[in-house]
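Okay, so here's the structure we're looking at.
The values are calculated or read from the model by the stated rules, or taken from the named source; none is laboratory data. Here the structure is a predicted model, which means the values were calculated and not measured. Every residue, glycine among them, receives a Cβ derived from its backbone with ideal geometry; neighbour counts consider all protein chains shown. Keep in mind that these areas ignore ligands, DNA and RNA; they rest on the heavy atoms of the full protein, side chains included. Shrake-Rupley method; radii C 1.70, N 1.55, O 1.52, S 1.80 Å.
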Amino acid sequence: MSFLLLTAWIVVDFTVDQPADHRQFDAREVARLEADMWRSYYDRRPAKLFFQLADVMRSQYGAPFWRSFAIAYRAGKAAFVFKDGRNRAEYKKVLPQLEQYFGYLNNLSKTPFDVQKAARIELEWWIVRRERNRHPPAEWERLLAEEAGLLYHLPAEGFQPYAKYRTEAMLYRDARNAHMEESDWLHVRQLLDQSWTAFHQAVQ
């Protein structure tokens, strides 16, 4: 009986959508979780990143329990496949994972969006950040703001403060790379806190 109940729970979890208002989230908690996820990514700790991703999906974006792990798997796999890529052809291998990730988010959101376009923009800003010698930070900011505007059907210009602070956090981490200390991670979290606070204000 317990097996049947578990099976039914999983089936309902993946088939019954209860869209949430993704404008409502705890900006400071998202910033904390993102800083932790960055750290797991750069320390090459995929298992830890997986559970952190699932946590943010449940606590901030209304994902059901089992589905949160499927979302985390898609996002985490995309991140680590991309991390080992060396050129655009290899980077593009993550696009199906990103499309599935955004597809899950779209099903959970009260504000539908273009899933394929969101996945393409996400991948593009990953690429321009990797190829930062050819793409200035202003381009990172533009793509971040464009993606946010797409997800919420709002002008990209309103997300410029969010994009600016998030880009500053990336630049700060990249400048220190393998020499990041606790105080550095604290500074990254503070910048992300400013970023997500600005994002929250933009969608209200």
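So that you can scan it fast, the table gives a plain yes or no per residue for (1) small (G, A, S); (2) farther than 25 Å from F25 by Cα; (3) surrounded by 18 or more Cβ atoms within 10 Å (Cβ to Cβ):
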residue: V81; (1), (2), (3): no, yes, no
residue: A89; (1), (2), (3): yes, yes, no
residue: V94; (1), (2), (3): no, yes, yes
residue: N107; (1), (2), (3): no, no, no
residue: Q116; (1), (2), (3): no, no, no
residue: L123; (1), (2), (3): no, no, yes
residue: V128; (1), (2), (3): no, yes, no
residue: E131; (1), (2), (3): no, yes, no
residue: A138; (1), (2), (3): yes, yes, no
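Search region 1-33 for residues being among the charged types (D, E, K, R) and not in a helix (DSSP H, G or I), and hand back the single one that is modelled with the lowest pLDDT.
Residues of region 1-33 that are among the charged types (D, E, K, R), as a first pass: 13, 17, 21, 23, 26, 28-29, 32.
This time we only want the ones that are not in a helix (DSSP H, G or I), so: 17, 21, 23, 26.
Working: D17: 77, D21: 93, R23: 94, D26: 96.
Top of the filtered list is D17.
In a helix (DSSP H, G or I), in contact with an Asp or Glu (Cβ under 7 Å, 6 or more places away or on another chain) and not acidic (D, E): does that describe A118?
yes
Within region 71-97, how many residues turn out to be part of a helix (DSSP H, G or I) and within 22 Å of D43 (Cα to Cα)?
Summing the residues that are part of a helix (DSSP H, G or I) and within 22 Å of D43 (Cα to Cα) in region 71-97 gives 17.
Given (1) among the hydroxyl-bearing types (S, T, Y); (2) surrounded by fewer than 19 Cβ atoms within 10 Å (Cβ to Cβ); (3) free of Cβ contacts under 8 Å to residues at least 40 places away in the same chain, identify the lone condition not met by T111.
All conditions pass for T111, except number (3).
Touching a Lys or Arg at 6+ places or on another chain (Cβ under 7 Å) and either open to solvent by less than 30 Å² (accessible area, probe 1.4 Å) or not in a helix (DSSP H, G or I) (or both): is that true of L144 in this structure? First the steps, then the outcome.
Working: touching a Lys or Arg at 6+ places or on another chain (Cβ under 7 Å): yes; either open to solvent by less than 30 Å² (accessible area, probe 1.4 Å) or not in a helix (DSSP H, G or I) (or both): yes.
Criteria met by L144.
Are any residues in region 173-189 loosely packed, with under 15 Cβ neighbours inside 10 Å and either on the phi < 0 side of the Ramachandran plot or under 16 Å from the mean Cα position of the chain (by Cα) (or both), and if so, which ones?
Those that are loosely packed, with under 15 Cβ neighbours inside 10 Å and either on the phi < 0 side of the Ramachandran plot or under 16 Å from the mean Cα position of the chain (by Cα) (or both): D174, A175, R176, A178, H179, E181, E182, S183, D184, L186.
Under 6 Å by Cβ, and 6 or more places apart or on different chains, what pairs join a residue from region 17-29 that is touching a residue at least 24 places away in the same chain (Cβ under 8 Å) with one that is assigned to a loop (DSSP other than H, G, I, E, B) and surrounded by 14 or more Cβ atoms within 10 Å (Cβ to Cβ)?
So the pair list comes out as A20/G62.
Quick check on this structure: which one of R32, R28 is among the basic types (K, R) and surrounded by 15 or more Cβ atoms within 10 Å (Cβ to Cβ)?
R32
Can H153 be described as open to solvent by 50 Å² or more (accessible area, probe 1.4 Å) and either of a type in the set (D, E) or at positive phi (or both)?
Details: open to solvent by 50 Å² or more (accessible area, probe 1.4 Å): yes; either of a type in the set (D, E) or at positive phi (or both): yes.
When the stated conditions are applied, H153 passes them.
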